[in-house]
Amino acid sequence: MIEDTLAEEMVETARPDTVKLSRRTFVQLLGSGLLITVTEGVSLGQGRRGGGGGRSIPVAARIHINKDGTISVMTGKVEEGQGPRAQLSQAAAEELRVHVDLIRLIMSDTGLVPDDGITAGSRTTPSTVPAVRQGAATARELLTDLAARQWKVDPGTLIVREGSIRNEATGKTITYADLANSANVDDAFKQSVSSDIALTPVDEWKTMGTSVARPNSRDVVTGSHKYPSDIVRPNMLYGKILRPPSYGAKLESIDLSKAKAVKGVVVVRDDQFVGCAAPSSLAANRALEAIAKTASWKTVSQVSSRQVHSHLKKNARRGGRPGSRGSVKKGFADASKVLNETYEVAYVQHTPMEPRAAIAEWEDGKLTVWTGVDGPQRVQGDLARTFQVPSERVRVIVPDMGGGFGGKHTGEAAEEAARLAKAFGRPVAVHWTRAEEFTWAYARPAAVIECKGGLDDKGSLIAWDFTSINPGGSAIDTPYRIANTAILSASSDSPLRQGSYRCLGATANNFARESFMDELAAAAGADPLAFRLAHLDNPRIRAVLEAAAKHFDWPRRRRQATADVGIGLACGTEKNSVVAACAQVRIDRRRGRIKVEHVCEAFECGPIQNPANLLSQVQGCITMGLGPALREQLQFEDGKILNASFAGYLVPRFKDVPKLDIQLMNKTDTPSAGAGETPIIAIAPAVANAVFAATGIRVRSMPMEDALRKQL
Amino acid sequence: MDATITLIVNGQKRTVVTDPERPLLDVLREDLDVMGPKYGCGEGLCGACTVLMDGKRTLSCITPLGDADKKKITTIEGLADGDRLHPVQQAFLDEGAIQCGYCTPGMILSAVALLKENPRPTDEQITEWMNGNICRCNGYAKILNAVRRAASQIKEVTRS
Ligand code: FES
Ligand code: FES
């Protein structure tokens, strides 16, 4: 017997129908007057880019003054934990001269927002923040003009503060909300956002530059925020997709009858696509397992992770012309010492905490999908093509989602859910399992990087040949002063589906370059810090390197020798920000473990827009970077991932977090750059260099623990 | 075979007639519309699905519904007292210890369970206890601060 006096009896055998997200809900969401915005947003959203595409959009597509005094701001950007919701709210508040709490940011709903491009490549800060600021500043000026016209004064005499326009001469004030109620703001907001409007200078920022918290944080800690995988629709089913047993396998036959026989289960086959759906995920799973047993597949041979680096090397398309300076041939001929080394990087997965999820619903030939993707407009276009409907008939909504790290650019789950929903005539949710996410999401590319460096008799670096196979070209160039260089990014034949990741190729290229710089420093008999500084002109990189080293107390700690403890450093630049890290490691020789004990990282990305969020990004990047540096790697054989689980794929946990000292450098005389990626690129090489200092063993392969064990 | 199972979810008696082998996580989410507990791995390795069962930290993804019969289940939705957040929730806000926030319900409930058992944990004890909870945004540093802060605040409350 349950005794609970507060308990209220409820009997449920099925899901209670949830409230339909109707037009009325949207009105509540945006405030009154929204219907205009909805219709305009839909038509304006198509093909217009507000955040970097260059073409300008009407103010109404960006800003809506609600009659209750709040202000809706529309953006195509997606919140996946890196902070654009706070940052873009701050940007709008700054230029509108209102308190940030009044901003209601409407994000990533193709029915409501302009296309700001995919949320990737650290573009929110340099592209979307300015676009939102321009929209907000234009709105402020238009509102000021309306007030001036009403009062028949020169708009230049009016002062805007806290959402009120004030005529200093008469003492009269009018609020934005008053104007929205009285004057024809809708008409005024048809004007285009002005791209040359003056924006608030950094030294006058009131809201930007402060640590505004994520506006919906409270919903997150109370559990009321709905992630893509939390969305439910009336009459919804849970869908499961049949996956091939290995990459490239083709379905030859399958018997669907076992699934069809189960009450409540529906199943569909369309050539290679087989999916079923049921009122619970367990029922859908069981039905899928039953039919999967009857499937016959034609498999193809696949490269395994053990051969992957030789495969990439063999298939490298080196045809491209290297970016070059001087003559490497002459440089190496003049060199008194030449080093030649190859570095390797394994495939890794993003493993955001929330796997891919989507729920799709067809109504009157219109498709609505709630899903977790970085590019809602892109997925809208993909769905329109797949289902051969005009893109106005597809709406993609991305609720703030559970992480991405570059791994959710594509809309696989959205398409799967839409196919099932179409076949079954009911809304269907498809939630990928962790194993599916490990196996079928694209991976960060593996890499083989060949480095050759030449030193003259004074220990100066005079020749540099760097060929990076497969990871992509970001941060491939060397920031060091070297007279003769040849730098080539070569593509190859990737056995795994590969794609973006936090700072993508820069993680591999920086690992190789900064490790190799250490090897060259050792060959030159120089201190790694002094050797770098001697070749470094870029004042921003010098500044972070010197700051990290000073704060870490590099010179003193270099002199200190403790068995199996070592320190290392590395620096780099990418996406217009600069980073340097010093790390201390302790080696457990018996267990072959590398414990990273202390990391001091300095980072600079121009004027800091939100210090607390920036700190989270830098801390997050360092700790995330430790994963692929030490342990993360996809192992595969015969087209199967062997470690598609957190049991065999080891991501950083609490125990792996080192003592973190972070120096955020605020540089106000350059434009702000994005900061969610570059802080990841210095940690792996700093650790590799520390391992060398601790053991005398040079580990040239990520993940490093495996590689170190083989050499211990 | 379906069975009738009764749970007390956040103080409310809820009865479901369903397959008792289904994971508690699925039933909370799919039948009872309690979305706070999240799916992260389904095999007890990430902590995203953490709930309290009779006050004890429980991974709902590997708990068959049958094992939860007649038990008190607390999810993130049941922690606050009306508008007043639980000190651990408040500490997560105060420390800004959320990025995407998907791990947050599990983190908070794990921390609540810890502080119930050990109101004055050392950093090592927090790290040890929380090690089963993964945050892929890697916000561990601030989460640790939040747990420390909550511990100090709970102590103050108990003293006063
Ligand atoms: S979902 Fe339960 S531990 Fe990961
Ligand atoms: S905040 Fe994103 S997983 Fe922890």
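The values are calculated or read from the model by the stated rules, or taken from the named source; none is laboratory data. The structure presented is a predicted model; accordingly, all values stated were derived computationally and were not measured. Methodologically, a virtual Cβ is constructed for each residue, glycine included, from the backbone with ideal geometry; neighbour enumeration extends over all protein chains shown. Note: areas computed on protein heavy atoms with side chains; ligands, DNA, RNA excluded. Shrake-Rupley method; radii C 1.70, N 1.55, O 1.52, S 1.80 Å.
The set of residues from the range A:392-406 being crowded, with 24+ Cβ neighbours inside 10 Å and under 18 Å from the mean Cα position of the chain (by Cα) comprises A:V398, A:D400, A:M401, A:G402, A:G403, A:G404, A:F405. Checking every residue in the range B:120-133 against the condition of being within 14 Å of the chain's Cα centre (by Cα) and within 13 Å of ligand 2 (Cβ to nearest atom) gives at least one match. Taken together, the residues in the range A:633-681 that are in a loop (DSSP other than H, G, I, E, B) and more than 11 Å from chain B (Cβ to nearest Cβ) amount to 19. Counted as qualifying within the range A:358-454 are no helices (runs of 4 or more DSSP H), as none has 1 or more residues that are more than 16 Å from ligand 1 (Cβ to nearest atom), within 14 Å of another protein chain (Cβ to nearest Cβ) and of a type in the set (D, E). Among the residues of the range A:631-638, at least one is open to solvent by 10 Å² or more (accessible area, probe 1.4 Å) and in contact with a Pro (Cβ under 7 Å, 6 or more places away or on another chain).
State whether one or more residues within the range B:96-116 are open to solvent by 50 Å² or more (accessible area, probe 1.4 Å) and outside the structural domain of B:T15 (by TED's automatic domain parsing). Looking for residues that are open to solvent by 50 Å² or more (accessible area, probe 1.4 Å) and outside the structural domain of B:T15 (by TED's automatic domain parsing), one finds at least one in the range B:96-116, hence yes.
Of all the numbered requirements in (1) within 11 Å of ligand 1 (Cβ to nearest atom); (2) surrounded by fewer than 24 Cβ atoms within 10 Å (Cβ to Cβ); (3) not polar (S, T, N, Q), B:M1 misses one, and that requirement is (1).
When B:A91 is tested against the conditions (1) away from ligand 1 (no atom under 15 Å from the Cβ); (2) out of contact with any Pro (no Cβ under 8 Å at 6 or more places or on another chain); (3) at positive phi, the lone failure is (3). Within the range B:54-74, the set of residues being away from ligand 1 (no atom under 13 Å from the Cβ) and under 9 Å from the mean Cα position of the chain (by Cα) comprises B:T74 only.
Rundown of residues vs (1) open to solvent by 10 Å² or more (accessible area, probe 1.4 Å); (2) in the same structural domain as A:L237 (by TED's automatic domain parsing); (3) touching a Ser or Thr at 6+ places or on another chain (Cβ under 9 Å), yes/no style:
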residue: A:G320; (1), (2), (3): yes, no, yes
residue: A:S324; (1), (2), (3): yes, no, yes
residue: A:F332; (1), (2), (3): yes, no, no
residue: A:W362; (1), (2), (3): yes, yes, yes
residue: A:Q377; (1), (2), (3): yes, yes, yes
residue: A:G381; (1), (2), (3): yes, yes, yes
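Every residue, every condition in (1) hydroxyl-bearing (S, T, Y); (2) without any contact (Cβ under 8 Å) to a residue 60 or more places away in the chain; (3) open to solvent by less than 20 Å² (accessible area, probe 1.4 Å), yes or no:
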site: A:P155; (1), (2), (3): no, yes, no
site: A:G163; (1), (2), (3): no, no, yes
site: A:E168; (1), (2), (3): no, yes, no
site: A:T173; (1), (2), (3): yes, yes, no
site: A:A183; (1), (2), (3): no, yes, no
site: A:D186; (1), (2), (3): no, no, no
site: A:Q191; (1), (2), (3): no, no, no
site: A:D196; (1), (2), (3): no, yes, no
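Checking each residue in the range A:419-468 for being over 22 Å from A:G648 (Cβ atoms) and without any contact (Cβ under 8 Å) to a residue 60 or more places away in the chain picks out A:K458, A:F466, A:S468. Being open to solvent by 10 Å² or more (accessible area, probe 1.4 Å) and in contact with a Ser or Thr (Cβ under 6 Å, 6 or more places away or on another chain): is that true of A:P130 here? It is false that A:P130 is open to solvent by 10 Å² or more (accessible area, probe 1.4 Å) and in contact with a Ser or Thr (Cβ under 6 Å, 6 or more places away or on another chain). Of the residues A:P245, A:P228, the single one that is of a type outside the set (F, W, Y) and within 12 Å of chain B (Cβ to nearest Cβ) is A:P228.
For the range B:136-146, the criterion of being under 30 Å from A:E597 (Cβ atoms), away from ligand 2 (no atom under 16 Å from the Cβ) and open to solvent by 20 Å² or more (accessible area, probe 1.4 Å) is met by no residue. Among what's in the range B:49-66 and is among the hydrophobic types (A, V, I, L, M, F, W, C) and open to solvent by less than 10 Å² (accessible area, probe 1.4 Å), pick the residue that is farthest from ligand 2 (Cβ to nearest atom). In this case the residue turns out to be B:L65. When the range B:122-145 is filtered for residues that are within 16 Å of ligand 1 (Cβ to nearest atom) and of a type in the set (K, R), only B:R136 remains. Quick check on the range B:10-48: of everything there that is out of contact with any Phe, Trp or Tyr (no Cβ under 8 Å at 6 or more places or on another chain), open to solvent by 10 Å² or more (accessible area, probe 1.4 Å) and within 12 Å of ligand 1 (Cβ to nearest atom), which residue is nearest to A:G404 (Cα to Cα)? Selected residue: B:Y39.
Could you go through the range B:7-17 and let me know if any residue there is at the interface with chain A (Cβ under 10 Å from one of its Cβ atoms), of a type in the set (S, T, N, Q), without any contact (Cβ under 8 Å) to a residue 24 or more places away in the chain and within 16 Å of ligand 2 (Cβ to nearest atom). Looking for residues that are at the interface with chain A (Cβ under 10 Å from one of its Cβ atoms), of a type in the set (S, T, N, Q), without any contact (Cβ under 8 Å) to a residue 24 or more places away in the chain and within 16 Å of ligand 2 (Cβ to nearest atom), one finds none in the range B:7-17, hence no. Looking across the range A:203-223, the residues that are within 12 Å of chain B (Cβ to nearest Cβ) and open to solvent by less than 60 Å² (accessible area, probe 1.4 Å) come down to A:V212, A:R214, A:N216, A:S217, A:V220, A:V221, A:T222, A:G223.
Close Cβ contacts (under 7 Å, 6 or more residues apart or on different chains) running from residues in the range A:66-82 that are of a type in the set (A, V, I, L, M, F, W, C) and within 16 Å of ligand 2 (Cβ to nearest atom) to residues that are open to solvent by 10 Å² or more (accessible area, probe 1.4 Å) and at pLDDT below 95 comprise A:V78/A:T119.
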